[in-house]
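Novice: Pasting a structure below so you can have a look.
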Amino acid sequence: MLQGISNEAFILGCSAIGAGLAMIAGFGGALGEGIATGMACQAIGRQPEAQGEITRTMVLGFAITETNGIYSLVIAIILLFVRPLLAGL
Amino acid sequence: MEIAVIYNGNEFIIPNTTISAIIIAIFLIIVAVIVSLKIKKAKAEEAPSGFLNVIELLVETMDNMVKSNMGEKNMSFSPFILTLMVFIAACNLSGLFGLTPPTSDFGFIFMVALIVFIIAQINHMKSIGIPKYLKGFTEPYALMTPLNIISELSNPISMSFRVFGNILSGGLVTTLLYTALGNFSPLIAPLHIYLDIFVGLLQAFVFVMLTMVSINTGEN
């Protein structure tokens with residue numbers, strides 16, 4: 001089945017699959033941010049006067065939670081557009 | 001609008017992200033000069049008018065933020081941090097005006113993060129002294145030293161990747177949608193409100209927050 005495929009096409013296809021797999025990491029970040037938002041809503045419900053402080057902490061926490069999603073995005077972008085694996089041919 | 005420069009027979013290409021960074025810097029310098037001229041003309045006993053009011057609000061908010069995050073004695077960092085925030089926000093928003101956002105170039109934002117990293121390290125050394133600073137790397141065990149050094153070095157990388165990834169992905173998503181929708185592409189114009197304005201301002205804010213945290217750690 002693989003006989004008609006050139007080496008370059010094979011590597012490009014595998015890179016695309018790898019980029020797709022890398023983006024699964026977005027799952028963790030999304031889950032964490034959802035939980036954090038829910039907790040922040042609870043905290044604001046309990047202490048409405050601390051809303052500013054809670055929101056600021058939440059946004060900062062988002063930024064740090066997002067990091068692994070961004071890493072996977074960078075890996076996917078590199079795989080798709082820079083194609084480092086093609087250089088190994 | 002890439003520019004090729006020939007120097008000593010070698011050809012260098014100046015990428016358009018660098019050119020837009022220079023344009024933004026010149027624009028911000030002009031704005032700063034205008035603001036300082038206006039401040040000199042303004043009278044202290046009168047309430048500031050429109051434009052000056054916004055600037056005053058910005059400076060006051062940043063002062064309060066620095067005070068609550070870094071304490072009274074680090075107030076001298078406030079101008080630097082406000083400059084950083086305005087510059088990164090302007091860079092992120094420049095995509096709306098047809099420039100290539102400089103923050104979508106990893107080299108650019110990594111240099112900004114490196115400046116912050118070096119300032120943070122020098123500030124730690126100054127505040128607790130070099131022997132204590134070096135000893136901080138061997139906490140809690142001497143075995144942890146390589147891990148501590150790596151975690152310190154990964155700071156600028158993660159800070160710059162965050163802004164870079166967000167801005168680049170925003171640009172990629174809008175480009176993909178514009179290509180996919182063809183004649184219907186004006187429909188997705190509202191998406192710029194989220195991808196360019198909201199994400200751009202939020203990332204500038206987050207970068208500045210992390211700057212304050214990284215400059216402040218290690219001293220109480």
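Novice: Roughly how many whole Å is it from the C-alpha centroid of the range B:1-68 to that of the range A:44-78?
Specialist: Distance between centres, Cα-based: 28 Å.
Novice: When the distances between all Cα atoms of the range B:49-167 are binned every 5 Å from zero, what whole-number percent does each bin get?
Specialist: 2, 10, 14, 16, 17, 17, 12, 6, 3, 2, 1, 0
Novice: In addition: Starting from the Cα gyration tensor of the range B:167-214, take the square roots of the eigenvalues, sort them a ≥ b ≥ c, and report rounded, prolate or oblate (rounded when a/c is under 1.5, otherwise prolate if a/b is larger than b/c, else oblate).
Specialist: prolate
Novice: Let me ask something else. Across 5 Å bins from the origin, how do the percents of Cα pairs in chain B run, short distances first?
Specialist: Using 5 Å bins, I get a P(r) of 1, 6, 11, 14, 15, 15, 13, 10, 8, 5, 2, 1, 0 for chain B.
Novice: Return the average number of partner chain Cβ atoms within 10 angstrom of each residue Cβ along peptide B:160-167.
Specialist: The shielding value for this peptide is 4.
Novice: Taking the Kirkwood radius as the inverse of the mean 1/r across Cα pairs, report the Rg/Rh of the protein assembly as shown.
Specialist: Ratio value, two decimals: 1.01.
Novice: According to a simple spin-label model (label point 7 Å from Cα along Cα-to-Cβ), what is the distance in nm between residue B:40 and residue B:114?
Specialist: Modelled inter-label distance: 3.6 nm.
Novice: Using the crude model of +1 on Lys and Arg Cβ and -1 on Asp and Glu Cβ, and no other charge, please compute the dipole size for the protein assembly as shown relative to its Cα centre, in debye to 20.
Specialist: Around 320 debye, computed over the protein assembly as shown.
Novice: Here is a further query. HN-Hα J couplings of the range A:29-44 from phi, Karplus 6.51/-1.76/1.60, θ = phi - 60°, integer Hz, Gly and Pro as x?
Specialist: x, 5, 4, x, 5, x, 4, 4, 5, x, 5, 5, 4, 4, 5, 5
Novice: Sorted by mean Cβ packing within 10 Å, highest first, what order do the peptides B:195-205, A:54-64, B:143-153 take?
Specialist: Descending mean neighbour count gives B:195-205, A:54-64, B:143-153.
Novice: Under the 0.36 nm per residue contour assumption, what length would be gained going from the current alpha-carbon distance of residue A:51 and residue A:37 to full extension?
Specialist: Taking 0.36 nm per residue and subtracting the Cα distance, the gain is 3.8 nm.
Novice: Based on C-alpha coordinates, I'd like the Rg and Dmax of chain A, in Å.
Specialist: For chain A, the Cα radius of gyration and maximum Cα-Cα distance read 20.2, 68 Å.
Novice: Which one of A:50, A:16, A:40 has the biggest mean-square fluctuation once chain A is modelled by GNM with Cα springs under 10 Å?
Specialist: Its mean-square fluctuation being the largest, the pick is A:50.
Novice: Which residue, B:77, B:161, B:117, tops the fluctuation ranking in a GNM of chain B built on C-alpha contacts under 10 Å?
Specialist: Among B:77, B:161, B:117, the largest mean-square fluctuation in the Gaussian network model of chain B belongs to B:77.
Novice: Starting from the Cα-Cα distance between residue B:154 and residue B:121, subtract it from 0.36 nm times their residue separation and give me the gain in nm to one decimal.
Specialist: 10.6 nm
Novice: Averaged across the residues of B:169-180, what count of C-beta atoms belonging to other chains lies within 10 Å of each residue's C-beta?
Specialist: Other-chain Cβ atoms within 10 Å of each residue's Cβ, averaged: 1.
Novice: Sort B:168-175, B:107-114, A:76-83 by the packing proxy (mean of other Cβ within 10 Å over each peptide's residues), most packed first.
Specialist: B:107-114, B:168-175, A:76-83
Novice: Per residue of A:66-73, count partner chain C-beta atoms within 10 Å of its C-beta, then hand back the mean as an integer.
Specialist: Counting Cβ atoms of other protein chains within 10 Å of each residue's Cβ and averaging gives 5.
Values quoted throughout were computed directly from the atomic coordinates according to the rules given, and no laboratory measurement underlies them. Everything numeric here is computed off the predicted structure, so don't read it as measured data. No Cβ is skipped: glycine too gets one built from the backbone with ideal geometry, and neighbour counts run over all protein chains shown.
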